[in-house]
1. Would you mind ranking Glu90, Glu34 so that the residue whose beta carbon has the fewest other beta carbons within 10 Å leads the list?
2. In percent, what relative contact order does the range 39-81 have, based on Cα pairs under 8 Å that are 6 or more apart in sequence?
3. Normalised by the residues of the range 28-200, what does the relative contact order come to in percent, with Cα pairs under 8 Å and at least six apart?
4. Karplus couplings for the range 261-271 from phi (6.51 cos²θ - 1.76 cosθ + 1.60, θ = phi - 60°), rounded to Hz, Gly and Pro as x?
5. Can you work out the Karplus-derived ³J(HN,Hα) for every residue in the range 139-155? Use 6.51 cos²θ - 1.76 cosθ + 1.60 with θ = phi - 60°, whole Hz, and x for glycine or proline.
6. Points 7 angstrom from Cα along the Cβ direction at Lys88 and Asp151: gap in nanometres?
7. Taking the square root of 5 times each eigenvalue of the Cα gyration tensor, what semi-axes in Å does the equivalent ellipsoid of the range 28-200 have, largest first?
8. If each residue's Cβ is checked for other Cβ atoms within 10 Å, how do Lys273, Lys64 rank with the fewest at the top?
Amino acid sequence: MKYSLFILLLTFSSYAATVIAEDTVPDPQTLINEMSQAGRDLNYDGVFVYRQGNQIETMRIIHKSGDDGIYERLVSLTGHAREVIRDKDEVRCYYPDNKSVVVEKSRTGELISTYIPNPVQSISEFYNFENAGSERVAGKDAWVVNVRPKDKYRYGYQLWIDKQTSLLLKSELKNQLGITLEQIQFAQINVLDHVDESLLKPGVSANDYTWYNNATKSNNTAEINNKKWQATWMPAGFSMSEHATQAIATSAMPVKHIVYTDGLATVSIFVEKNDQQPDQYTGSVNIGGVNTYATHLDGYQITAVGEVPKATVKQMADSVKSFH
């Protein structure tokens, strides 16, 4: 009996050692780099739940990586019907309820995942990275990685990365107190060798829809282009990544769009001619992790929007100046 127990303990110890060896925790920055690569290079079809504040939605995403760029289709499965189609450098948003399509320029990162630059070491001056164990998500084993900001001007992230494919299975945006502001979590996800073209086509015929093209420059840009606009304050590490004048579907006037980023967090600043009462267009709005702050300067509406704390968007909007 004692001999049998000894054999049993020896076998269990050997098994435990094997499990520990197999689960040797990788470097968190290496994990994130592999996640970024997998998110771009792999083809997949998945269903996820998106929670922003008190709003919860279920969506399906089909992702295809081609030699000429990224193709994606995002379909709402709950709430109002809508689809988003990403075709390389263009994004089309279909709204069947009001029979409209909005065309936008595609920006860095996929439609849903937290964009992490590769290599992630480029933002290590502003964020700390640490392992937080492992869990199961969508029936898959995942590493958990914390991304913590080093100052009060940005939010943190918690990422669940598939041990087998390195795909992002779950992400949470967290404030300075560790409270989750937004969450994306896959319920199922399948890696595909090939994505059929039909899966990337909209599920509606938009022949009789009204199209709004925000990806093209407005024909009425002379006045706003006479001024050069920029934020004179931003958190350390932020820099301008995009600067353009464009039309907006909801506005008859051209809008100056300026994007600032530290490589992870992004703030968009919109400048629009507005001679209405300033008090009607100032103040802040919060939805989940997205903060918006609007102010008025010399007949122009200035709005800052970003997944950063309210103080960040306010200080950046208030610092915007025009230069001839």
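Each reported figure results from applying straightforward, stated rules to the coordinates on display, with no laboratory input. Keep in mind it's a predicted model, so treat the numbers as computed, not measured. Ideal geometry is used to build each Cβ from the backbone, glycine not excepted, and the neighbour counts take in all protein chains shown.
1. With the sparsest Cβ surroundings first, the list reads Glu90, Glu34.
2. Averaging sequence separation for qualifying contacts and normalising by length gives 34 percent for the range 39-81.
3. Relative contact order here is 24 percent.
4. After applying 6.51 cos²θ - 1.76 cosθ + 1.60, I find 8, 9, x, 10, 6, 9, 10, 9, 10, 10, 10 Hz.
5. Result, rounded to whole Hz: x, 10, 6, 9, 7, 10, 10, 9, 10, 10, x, 8, 9, 8, 8, 9, 9.
6. The modelled label-to-label distance comes out at 3.9 nm.
7. 26, 19, 16
8. In increasing order of surrounding Cβ atoms, one gets Lys273, Lys64.
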